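K.L.:
Mind looking over this structure? Questions follow.
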Amino acid sequence: MEATGFSISKDRPGLTAAKHDSIPTDAGKRIYMVKEDLKDYRGHGVLLYFADWSVWPSGEWFPLFERLQSACKLEGRLIDKPSYFFGANEYDDMLNFVMIGVIFLWDLYVMSDDGRVVFYSHDEMRDIGERALDGHANVT
């Protein structure tokens, strides 16, 4: 999995979000929201960047994330490799990682190869927008 044309600024530049709203508290509604947010990402390369995790340790289960990594033949600790690129034919794998991040309320950028970006926050908010022309994710 190799990402091309993507870069992420560590200082999280601002976004003029096309959509900004809350993440539901109900897990079933979160899953539905993610599927709706990302349904048009099928057939696209997608870069996931886990910007923060363990903000709410009581609401996560790292062994589940590690099993998913193993099942997808991804190696390394999240702290050492916080981003993953999924090819156009790996939509379901990508969606699985996003769902875990959203259910655990981790900060997560989802960036498609055509410029779309969704940012899910541990503050139970999400932003939907686009990358800037310089290629950086314009999401805060």
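K.L.:
Ala3 versus (1) at pLDDT below 95; (2) surrounded by fewer than 18 Cβ atoms within 10 Å (Cβ to Cβ): which is the lone unmet condition?
P.N.:
(2)
K.L.:
Return yes or no: is Gly43 closer than 20 Å to Gly129 by Cα, part of a loop (DSSP other than H, G, I, E, B) and of a type in the set (Gly, Ala, Ser)?
P.N.:
yes
K.L.:
Considering segment 28-61 alone, what residues qualify as being modelled with pLDDT of 95 or more and over 16 Å from the mean Cα position of the chain (by Cα)?
P.N.:
Gly28, Lys29, Gly43
K.L.:
If I ask for residues that are out of contact with any strand residue (DSSP E or B) (no Cβ under 9 Å at 6 or more places or on another chain) and either in a loop (DSSP other than H, G, I, E, B) or among the β-branched types (Val, Ile, Thr) (or both), which ones from segment 19-40 would you list?
P.N.:
Of everything in segment 19-40, those that are out of contact with any strand residue (DSSP E or B) (no Cβ under 9 Å at 6 or more places or on another chain) and either in a loop (DSSP other than H, G, I, E, B) or among the β-branched types (Val, Ile, Thr) (or both) turn out to be Pro24, Thr25, Asp26, Ile31.
The values are calculated or read from the model by the stated rules, or taken from the named source; none is laboratory data. Here the structure is a predicted model, which is why all the values come from computation and not from measurement. Neighbour counts are summed over all protein chains in view; Cβ atoms, including those assigned to glycine, are modelled from backbone coordinates with ideal geometry.
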